[in-house]
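Below you'll find the structure, written out as structure tokens, and then a few comments.
The values are calculated or read from the model by the stated rules, or taken from the named source; none is laboratory data. Not measured: the values here are computed from a predicted model. Neighbour counts are summed over all protein chains in view; Cβ atoms, including those assigned to glycine, are modelled from backbone coordinates with ideal geometry.
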Amino acid sequence: MRARATRPNGHTRVGAPERSLGVAALAVALALPALGTGVGHVPPAVSANAMLNAVVSHLKEGPTGLKRVVFVLYQDDAYKAFTDTLKRLGGVQ
């Protein structure tokens, strides 16, 4: 399943979270911003959904050296979107 972020103008950006995880195939830690939420104008909730689902899918695919993923979030709305999405996915209680 590929992540799909829909922009306000209706255009989509497919696969950015997966590409980030693919680049990190040999990494043990990864820090990511809320992709697309700046110049791309992707709503934080859409970015959070795409990125967190991509991380969960990557971890479920099988063995990985990835031990830590940090989302670098500067705005309160992005922090809330990622926290709410993580709770919905069962990652936070």
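Total residues in the stretch 36-45 satisfying the condition of being of a type in the set (A, V, I, L, M, F, W, C) and either in contact (Cβ under 8 Å) with a residue 60 or more places away in the chain or in contact with a helix residue (DSSP H, G or I) (Cβ under 9 Å, 6 or more places away or on another chain) (or both): the figure is 2.
Just wondering, is there one or more residues in the stretch 27-42 that are modelled with pLDDT of 90 or more and within 18 Å of Gly90 (Cβ to Cβ)? No: the stretch 27-42 contains no residue that is modelled with pLDDT of 90 or more and within 18 Å of Gly90 (Cβ to Cβ).
Pairing residues of the stretch 46-71 that are assigned to a loop (DSSP other than H, G, I, E, B) with residues that are surrounded by 13 or more Cβ atoms within 10 Å (Cβ to Cβ), at Cβ distances under 7 Å and at least 6 apart in sequence or on separate chains, gives Thr64/His58; Gly65/Ala27; Leu66/Ala24; Leu66/Ala27; Leu66/Leu30.
From the list His58, His41, which one is touching a Pro at 6+ places or on another chain (Cβ under 9 Å), of a type outside the set (S, T, N, Q) and exposed (fewer than 13 other Cβ atoms within 10 Å of the Cβ)? Answer to the selection: His41. If the condition is being in contact (Cβ under 8 Å) with a residue 12 or more places away in the chain and either of a type in the set (A, V, I, L, M, F, W, C) or assigned to a helix (DSSP H, G or I) (or both), then the stretch 72-87 contributes Val72, Leu73, Asp77, Ala78, Lys80, Ala81, Phe82, Asp84, Thr85, Leu86.
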